[in-house]
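Reviewing the structure listed below.
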Amino acid sequence: MKKVAIVGASGYSGEELVRLLLNHPHVDLVAVTSRQSAGQTVASVFPKFASHPKSKTLRFTEPNAEVLSKQADVIFLALPHGVAAEFAVPLNQAGCVVIDLSADFRLKSADIYKEFYAHDHPAPELLQKSVYGLPEVYREDIKKALLIASPGCYPTSILLPTLPLVRAKLIHPNSIIANSMSGVSGAGRKAEVDYLFCECNESVRAYGVPKHRHLSEIEEQLSFAAGSKVVIQFSPHLIPVNRGIHTTLYLAPTEHFNDAASTAAFGEKIASCYKEAYATEPFVRVLEGKALPDTKNVVGTNVVEIAWRLDPRTGRLIVMSAEDNIVKGASGQAVQSMNILCGFPETAGLV
C-alpha cells in the first residue's frame, strides 16, 4: 500500500481525487488539505463520501510541505497554476513523488510559460525534470518520474486523436483546427458571475479566443511529434452541462482522395494508425461503424472516445473525441499515471 496525499482537495479535481483514492485498492489516503476546510472531516465537506468509513475520521488540514513529505509517498497537487510550484519544489527535494494537476510543469520552456501565463515561471529548474503525464504517449518515462505534470483537459481531448496521425505523417500538422465544448466544472469551483447558473444555463459561448492557455502545451506536444514548430487554431466553448468535453478536429490529410477507391484506401491507413496506437490501451475507445463520441458515454469514467470521418467533398479528415474533463481530463489521468509509476495495474481504482 502506498501512502498518498492531496493538496487542494476541496476543488472539483480534488474532490474527484478523493473519490478515486478512497476506493483505490492499493493506496491509503492519509492526508487532504484545504485552507478553507481545515479541521473538517471529509464526510462533512463531501457528504457523498459519508458511507466510506475513512471519511468520518480523515480531516482536512492546512497545507504544509514539510509535514506532508513525512506522511505520504505520492502527493497530488490540485492547485492553481503558480501556486502548485510552491509545494512541488520542497516536496521533490524531500524525495516525494509529485503528480501536479496544474499547468506549472507541463511545458519545457519557461519563456512559453511566461507568454501564455503572464508571469515568470516559479521553478524553471524543474521544467526539464518533469514528465508530461499522458500515459498513452509517455508511459515509459512516467515509470521513472519524480515529478509528473498531468495534462490539461482540452489538450487530452486534442492530443490523443491527433498525435498518432502526426507521427504517421497522415495529416499536415499546421492545418489543425480544433473546436471544443466543455462543461462548467472545467472553470473550477469558484464564485464568478460568468459561471453562475443563470449565466450558463440555456447558453453556449466561446471564450479564450484566439489564444487559450492550453494552446501552449498542445502546440508543444504536437511540435515534438512533428519534429518542427506546430501552430494550430483552437476555439473552446462553454456549454450548460456539469462535466464533459467534446472536441471536433478539422484536419488536412497528406494524401488526396476524390473517389470511392482512394477514400477507402486512405481510410484503411487512418484505421490502421489508430489500431496500432490504441488497440491495447485500456482508456481509449476508437469507435467503429456509425457510432460517434458522446459525453454521456464517458462522464464518470477515465475513457476517451474517438471517431473519424473522411469527407471527399472537402478533402478533409474530421476527427471527434469525448471525455470527462474531471476524470480523463484531470484526476483520473493523474491516478492512471500513479498506477504506472507504482507498478499497480493501470486500471486500478479506475474501472
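Checking each residue of the stretch 299-307 against the condition of being within 28 Å of Pro25 (Cβ to Cβ), in contact with a strand residue (DSSP E or B) (Cβ under 6 Å, 6 or more places away or on another chain) and assigned to a loop (DSSP other than H, G, I, E, B) gives at least one match. Find the residue count for the stretch 222-251, including only residues that are in contact with a Pro (Cβ under 7 Å, 6 or more places away or on another chain) and part of a helix (DSSP H, G or I). Count: 2.
Evaluate the following for Thr347: is it among the hydroxyl-bearing types (Ser, Thr, Tyr) and either under 23 Å from Thr254 (Cα atoms) or in the same structural domain as Phe266 (by TED's automatic domain parsing) (or both)?
When the stated conditions are applied, Thr347 does not pass them.
Considering the stretch 123-132, the residues that are part of a loop (DSSP other than H, G, I, E, B) and in contact with a Leu (Cβ under 9 Å, 6 or more places away or on another chain) include one that is farthest from Glu217 (Cα to Cα), namely Lys129. Summed over the stretch 159-201, the residues that are of a type in the set (Lys, Arg) and either crowded, with 18+ Cβ neighbours inside 10 Å or at pLDDT 90 or above (or both) give a count of 2. Could you pull out the residue among Gly244, Gly208 that is over 18 Å from Thr162 (Cα atoms), of a type outside the set (Asp, Glu) and under 17 Å from the mean Cα position of the chain (by Cα)? Unique residue meeting the criteria: Gly244. Residues in the stretch 299-309 that are buried (at least 18 other Cβ atoms within 10 Å of the Cβ) and either touching a helix residue (DSSP H, G or I) at 6+ places or on another chain (Cβ under 7 Å) or modelled with pLDDT under 95 (or both): Asn302, Val303, Val304, Glu305, Ile306, Trp308. For the stretch 191-198, the criterion of being closer than 19 Å to Leu107 by Cβ and either out of contact with any Asp or Glu (no Cβ under 9 Å at 6 or more places or on another chain) or not assigned by TED's automatic domain parsing to the domain that holds Ala252 (or both) is satisfied by no residue at all. Taking the criterion of being touching a strand residue (DSSP E or B) at 6+ places or on another chain (Cβ under 8 Å), at pLDDT 95 or above and not aliphatic (A, V, I, L, M), the residues of the stretch 248-287 that qualify are Thr248, Tyr250, Pro253, Thr254, Thr263, Phe266, Gly267, Tyr274, Lys275, Tyr278, Phe283, Arg285.
Taken over the stretch 333-351, the criterion of being part of a loop (DSSP other than H, G, I, E, B), touching a strand residue (DSSP E or B) at 6+ places or on another chain (Cβ under 9 Å) and not small (Gly, Ala, Ser) is satisfied by Phe344 alone. Among residues of the stretch 135-184 being in a helix (DSSP H, G or I) and charged (D, E, K, R), the one that is nearest to Lys296 (Cα to Cα) is Glu136. Does Ala261 satisfy the condition of being aliphatic (A, V, I, L, M) and either touching a helix residue (DSSP H, G or I) at 6+ places or on another chain (Cβ under 9 Å) or exposed (fewer than 12 other Cβ atoms within 10 Å of the Cβ) (or both)? Yes; evaluated as a whole, the condition is true for this residue.
Just so you know, in the stretch 235-258 the residues that are more than 16 Å from Met320 (Cα to Cα) and either touching a residue at least 60 places away in the same chain (Cβ under 8 Å) or not assigned by TED's automatic domain parsing to the domain that holds Cys200 (or both) include one that is surrounded by the fewest Cβ atoms within 10 Å (Cβ to Cβ), and it is Glu255. Can you tell which of Ala31, Ala50, Ala43 is within 27 Å of Val184 (Cα to Cα), surrounded by 17 or more Cβ atoms within 10 Å (Cβ to Cβ) and in contact with a helix residue (DSSP H, G or I) (Cβ under 9 Å, 6 or more places away or on another chain)? Selected residue: Ala43, the only one of Ala31, Ala50, Ala43 that is within 27 Å of Val184 (Cα to Cα), surrounded by 17 or more Cβ atoms within 10 Å (Cβ to Cβ) and in contact with a helix residue (DSSP H, G or I) (Cβ under 9 Å, 6 or more places away or on another chain).
Among the listed residues Ser180, Ser185, identify the single one that is within 26 Å of Lys229 (Cα to Cα), in the same structural domain as Ser223 (by TED's automatic domain parsing) and of a type outside the set (A, V, I, L, M).
None of the others qualify; the one that does is Ser180.
The values are calculated or read from the model by the stated rules, or taken from the named source; none is laboratory data. None of these values were measured; they are calculated from a predicted model. All Cβ positions, even for glycine, are placed from backbone atoms using ideal geometry, and neighbour counts span all protein chains on display.
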